[in-house]
Amino acid sequence: MSFNILRTESKSEFAKLKAEVESGIDPTDVFERGFVDDIVHHTWGIKRYQRVETGILNNALRKALAQILYEILLPPSKAMATKCWMSAQRLAHGWLLDPQSNRQVASLLKEAGLDESAIAAKAHTLVADDLANANRMSKSAREGRDRALRSIAKYRKSLAVQLRQNSDRALVADQAPLIAGA
Amino acid sequence: MASERQILANRRNAQKSTGPTTVLGKKRSSKNAYKHGLSLPMCNVGSQKQLEELSRLFAGDASDATILELAERAADAQADLIRVREVKTALLEGALMKTQGGNLAQPELLDSSRPLLTGETEEEQLFVNAVRHILPKLTKINRYEKRAARRRDRAIHELASIKSANKK
C-alpha cells in the first residue's frame with residue numbers, strides 16, 4: 001500500500017514508525033501486512049492531528065493574550081481604545097520573544113488577579129470549533145488503529161486454530177502406522 | 001407574504017430561468033452536486049485490473065467459489081479504503097498549496113532527523129492554518145474510510161474462518 005505522507009511531513013520519521021510497528025508485529029501474510037499498514041497509517045494520523053491540535057492552540061495564544069490585555073488596559077471610560085489595543089498587541093507580540101514584555105505581561109495579569117492559565121483558557125474559547133474538529137480526527141485515527149489491532153488479534157487467533165488443526169492432523173498421520181503395526 | 005402581483009411576477013421570471021444553455025454551461029452544471037465521488041464505485045480499467053490482482057492475492061491458491069467471492073469483496077473494500085485516503089491526502093495537499101503558494105520546503109531537505117514540529121515556526125503555523133480550514137471536510141469523509149475498513153475486515157475474517165473450516 002502506498003502511504004499518504006504530506007510533503008511537509010518527515011519521510012524519515014514515517015519510515016522509523018513503520019519499521020517499529022513492523023518489527024513489533026512481524027506480519028506473516030498479505031492480510032497481516034494490510035493490518036500493519038492500517039496501524040501505521042492511523043498512528044501517523046494520530047501524530048498529525050495531535051500536532052494540528054497543539055498548533056491551533058499555540059497559534060491562538062497571542063490573539064488570546066492580546067484580548068485579555070486589552071480588557072485590562074482599557075479604562076472604564078473606554079477612552080483611548082485604539083491606543084490600548086495597540087499596546088495590547090505590542091505586548092502580546094513580545095510576550096514570548098522579549099523578556100521585558102514578558103515581565104510586563106506577568107505583572108499586568110497579576111494586577112488583574114490572573115495568571116498564564118487564563119491565556120490558555122481564552123485561547124481555547126477562541127478556537128473551540130477547530131479544536132473539536134482536530135480532536136475528532138485524532139480520535140477517529142485512534143479508533144482506526146485500535147480496530148486494526150483487534151482485527152490482527154482476531155485473525156491470528158483463527159490462524160492459530162488452523163495451524164493447530166494442521167499440526168493435529170500431522171500427529172494423527174504419524175501415529176497411524178504405529179497403531180496399525182501394533 | 002408575497003402579494004398576488006409579486007407571485008405572478010415570480011412565475012413570469014421563473015419561466016425565463018431555464019438553466020444553462022451553452023454546452024460548456026451544461027457540462028459545468030452537471031458537476032454541481034459532485035463533492036468527492038466517494039459514494040460511487042470505481043470504474044476505470046486500470047483500477048479494475050488492480051482490483052483483480054488484489055483479489056487473486058487475497059484468495060491465494062483457493063478455487064472455492066465462496067472464498068473467491070469473499071476475496072473479491074475484501075479487495076473491493078481495500079480499493080475503496082485506498083481511494084478515501086488518497087482523497088484526504090489530496091485535500092490536505094491542496095490546502096497546503098493554497099496557503100503556502102506551493103513554495104514550502106520539505107522537512108527532509110532541511111533536517112532529516114527533525115521530529116514533527118509543534119507550532120514553533122512560521123512554516124508550522126502555515127501548515128496548521130491550512131489543515132484547520134479543511135478539518136470539517138475531513139471529518140465528513142472519515143465515515144467512508146470507516147465503512148470501507150469495516151467491509152474489508154468482515155470479508156477477511158469470513159475468509160479466514162472458511163479457509164479454516166475447509167481444512168478440517
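The values are calculated or read from the model by the stated rules, or taken from the named source; none is laboratory data. Remember, predicted model here, so these are calculated numbers, not experimental data. Note that each Cβ is placed from the backbone with ideal geometry, even for glycine, and that neighbours are counted across all protein chains shown.
For every residue, the table says whether it meets (1) under 23 Å from the mean Cα position of the chain (by Cα); (2) hydroxyl-bearing (Ser, Thr, Tyr).
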{"position": "A:Gly45", "(1), (2)": "yes, no"}
{"position": "A:Gly55", "(1), (2)": "yes, no"}
{"position": "A:Lys63", "(1), (2)": "no, no"}
{"position": "A:Ile68", "(1), (2)": "no, no"}
{"position": "A:Ile72", "(1), (2)": "no, no"}
{"position": "A:Pro75", "(1), (2)": "no, no"}
{"position": "A:Ser87", "(1), (2)": "no, yes"}
{"position": "A:Arg103", "(1), (2)": "no, no"}
{"position": "A:Thr125", "(1), (2)": "yes, yes"}
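You will find that of A:Val127, A:Val105, the residue that is of a type in the set (Val, Ile, Thr), surrounded by 14 or more Cβ atoms within 10 Å (Cβ to Cβ) and within 14 Å of chain B (Cβ to nearest Cβ) is A:Val127 and no other. For region A:141-171, the set of residues classified as of a type in the set (S, T, N, Q) and touching a residue at least 40 places away in the same chain (Cβ under 8 Å) consists of A:Ser151 only.
Suppose we keep only residues that are more than 7 Å from chain A (Cβ to nearest Cβ) and crowded, with 18+ Cβ neighbours inside 10 Å within region B:142-162. Which one would you say is nearest to B:Ala59 (Cα to Cα)?
That would be B:Leu159.
Exactly one condition in (1) buried (at least 16 other Cβ atoms within 10 Å of the Cβ); (2) out of contact with any Leu (no Cβ under 6 Å at 6 or more places or on another chain); (3) facing chain B (nearest Cβ under 9 Å) is false for A:Ser138; which is it? Failing condition for A:Ser138: (3). The set of residues in region A:78-99 that are part of a helix (DSSP H, G or I) and closer than 27 Å to A:Thr54 by Cβ comprises A:Ala88, A:Gln89, A:Arg90, A:Leu91, A:Ala92, A:His93, A:Gly94, A:Pro99. Inside region A:117-150, residues that are touching a helix residue (DSSP H, G or I) at 6+ places or on another chain (Cβ under 7 Å) and of a type in the set (Asp, Glu) make up a count of 1. Restricting region A:108-120 to residues that are part of a helix (DSSP H, G or I), of a type in the set (Gly, Ala, Ser) and in contact (Cβ under 8 Å) with a residue 12 or more places away in the chain, the residue that is surrounded by the fewest Cβ atoms within 10 Å (Cβ to Cβ) is A:Ala120. Does A:Ala148 satisfy the condition of being surrounded by 18 or more Cβ atoms within 10 Å (Cβ to Cβ), modelled with pLDDT of 90 or more and within 14 Å of chain B (Cβ to nearest Cβ)? So A:Ala148 passes the test.
The set of residues in region A:18-29 being exposed (fewer than 14 other Cβ atoms within 10 Å of the Cβ), in a helix (DSSP H, G or I) and not small (Gly, Ala, Ser) consists of A:Glu20 alone.
I'd like to know if region A:9-17 contains one or more residues that are in contact (Cβ under 8 Å) with a residue 24 or more places away in the chain, outside any helix (DSSP H, G or I) and either buried (at least 18 other Cβ atoms within 10 Å of the Cβ) or charged (D, E, K, R) (or both).
So far as region A:9-17 goes, yes, one or more of its residues are in contact (Cβ under 8 Å) with a residue 24 or more places away in the chain, outside any helix (DSSP H, G or I) and either buried (at least 18 other Cβ atoms within 10 Å of the Cβ) or charged (D, E, K, R) (or both).
Selection of region B:16-36 for residues being part of a loop (DSSP other than H, G, I, E, B) and either modelled with pLDDT of 65 or more or farther than 23 Å from B:Ala79 by Cβ (or both) yields B:Ser17, B:Thr18, B:Gly19, B:Pro20, B:Thr21, B:Thr22, B:Ser30, B:Lys31, B:Asn32, B:Ala33, B:Tyr34, B:Lys35.
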